[in-house]
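The values are calculated or read from the model by the stated rules, or taken from the named source; none is laboratory data. Here the structure is a predicted model, which means the values were calculated and not measured. Cβ atoms come from the backbone with ideal geometry, glycine included; neighbour counts cover every protein chain shown. Just so you know, the surface numbers come from the protein's heavy atoms only, side chains and all, with ligands and any DNA or RNA stripped out. Shrake-Rupley method; radii C 1.70, N 1.55, O 1.52, S 1.80 Å.
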Amino acid sequence: MKKKVSFNESIIILALLLIILGIAVIKFSLSPEVPVLFTVLLLTFWAKARNFSWQEIQDGIKEGIGVAIIPIFIFILIGALIGLWIQAGIIPSIMVLGFHLISGSFFVPSVFIVCAIVGTAIGSGFTTISTVGIALFGIGASMNANPALVAGAIISGAVFGDKMSPLSDSTNLSSAIAESELFAHIKNMMWSTIPAFVISFILFWILGNSGQIDASKIQRTSQILQSHFTISWWALLPIILMLLCAWKKIPAIPTLFLNITVTVAMIFVQNPHYSIVSLNDLIMNGFVAKTADKSVNALLTRGGISSMMATVALIISTLSLGGMLMKFGIVQGAMEPLVKHLKKPGRLITVTILSGICINLFVGEQYLSVILPGRAFKSAFDKIGLSPLALSRTLEDGGSVINYLIPWGVAGSFAASTLGVPVLEFLPFTFFSLLSPVFSILSGTTGIGLQWSNKSSKPTKKTEIE
């Protein structure tokens, strides 16, 4: 006879799953898909031993995958768009224009700023990384810059933009789960976001200040791009269109479809003899660069629906694991008992952030890292008089921003596959994601920037703030 999963049993199960994933990915450098499937297998055996039915196991898998249907479809469209953007000369044009705008000494911090601006305007860290990010990464490659450092700057800027944009899915989700007003939530996040941004910028300035542009290499790369692609200011049209769609609050899927349509039209205008068969192959398998420079070929041979299939497989397997953990009450069993002992804001915010980080580690899905702690700890925030704004900021700082640092996480695997840099290599340089939870915890322990439901419920520092 099955019974409710206890706290101790939940902790043991989660710890074992984390150990298996950690050893497989970190020690043996395995791709995370197979280790995740192995943990699903072990969890299935455990569930049958605890008398869960096959239907309950399947329901857990379906419920887990259900939350990712739209993101999976978006990934497919992004894969198609990357190949089209290269064929149309959009990404090569950004690279050539960037050669004239970016200096060697300021390159890395400027990458951070540009991605932050674009990410805020678009509201999607994934789109920022897979479009502007690829172009900036290409410039860094031509400068012989540290690829892990450049990737860290790209992802940090993209995460900042995603976090601070009213068009961001994760930002809207955090606000909705905490029941806080969206723009008030964004404004309140500045207490942790601005310090993290400033320190990240300083670190990128220090670490990226020694880079020098190799003028001859830049000139040669630029000539290769101009000889193989159509380089013009018109190439910025799809990016402007994407920004306009974001401003009009058009959802991601129609925005991407519209951008794909415009880009396809640009390809046929540039080459009226381009065949439908070639277009189909481009969308399915991506662009294959055939220049005289191996580094340019390696950089621009990418995109296509097929390039996203590994990420889709990881998303499906990871969310299957997460759905089962929720269906069997394992996550709830591990989190709910903690709420009873969290009566001080410092402890409550710290544990909420750690819970978001742990769910990212166990499940690898950024939405669940916001939803589950939000549901588990909302009553505790209400009980001690903290504003919903305090909860929504905490969910962002410990949830979605951390997913980019998890090798088997949806965002982390996407960034790694898009930029071609393993998660564990760019992790130490993704300063914004590393610093955001730190400043959120500092806000909770010091009371600086901490929002309360009303003034009368705010405790004294001596008795409550720690």
Query raised in the report: So what are the ³J(HN,Hα) numbers for the stretch 430-442, from phi and the Karplus equation (6.51, -1.76, 1.60; θ = phi - 60°), rounded to whole Hz, Gly and Pro as x?
Result: 8, 4, 5, 5, 6, 8, 4, x, 4, 6, 5, 5, 4
Query - Once exposed loop trypsin sites (Lys or Arg not before Pro) are cut out (DSSP; at most 10 other Cβ, 10 Å), longest piece of the chain - result: 5-247
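How high is the relative contact order of the stretch 4-151, in percent, with contacts defined as C-alpha pairs under 8 Å that are six or more residues apart?
Values: 61 pairs, mean separation 23.3, N = 148.
Result for the stretch 4-151 is 16 percent.
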Query - Karplus (6.51, -1.76, 1.60) ³J(HN,Hα), θ = phi - 60°, over the stretch 397-407, in Hz, Gly and Pro reported as x - result: 5, x, x, 4, 5, 7, 4, 6, 9, 9, x
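What's the Kirkwood radius of the stretch 20-173 in Å, using all Cα pairs? Spell out each step's value before the answer.
Values: mean 1/r = 0.0548 Å⁻¹.
The answer is 18.2 Å.
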Report summary line: HN-Hα couplings for the stretch 7-21 via Karplus (6.51, -1.76, 1.60; θ = phi - 60°), in whole Hz with x for Gly/Pro, come out as 4, 4, 5, 4, 5, 5, 4, 5, 5, 5, 4, 5, 4, 4, 5
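Report in % the part of the accessible area of the chain that belongs to carbon and sulfur, leaving out ligands and nucleic acids; probe 1.4 Å. Intermediate values should be presented prior to the final figure.
Working: 13360 of 19530 Å².
Of all accessible area on the chain, carbon and sulfur atoms account for 68 percent.
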Report summary line: Taking placed amide H atoms and a strict 5 Å upper bound, the residues 5 or more places from Leu386 or on another chain that come that close are Ser453
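Using Cα pairs closer than 8 Å and at least 6 residues apart in sequence, work out the relative contact order for the chain, in percent. Intermediate values should be presented prior to the final figure.
On the way: 777 pairs, mean separation 113.8, N = 466.
The normalised contact order for the chain reaches 24 percent.
Using Cα-Cα distances under 8 Å and only pairs 6 or more residues apart, what relative contact order does the stretch 328-393 have, in percent?
On the way: 43 pairs, mean separation 24.2, N = 66.
37 percent.
Using a 1.4 angstrom probe, figure out how much accessible area the chain has per residue, in square angstrom, rounded to the nearest whole. Write down the numbers at each step before the final one.
On the way: 19530 Å² over 466 residues.
In whole numbers, the chain has 42 Å² accessible per residue.
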**Report entry** Amide H contacts under 5 Å for Arg302, placed H, 5+ residues apart
**Finding:** Phe287, Ala289
Requested in this report: On a C-alpha basis, how far is the centre of the stretch 271-291 from the centre of the stretch 412-426 in Å? Whole number, if you could?
Outcome: 26
Query raised in the report: What value, in deg cm²/dmol to 500, does the helix sum -39500 (n - 2.57) over DSSP H runs of n ≥ 4 give at 222 nm once divided by the residues of the chain?
Result: -22500 deg cm²/dmol
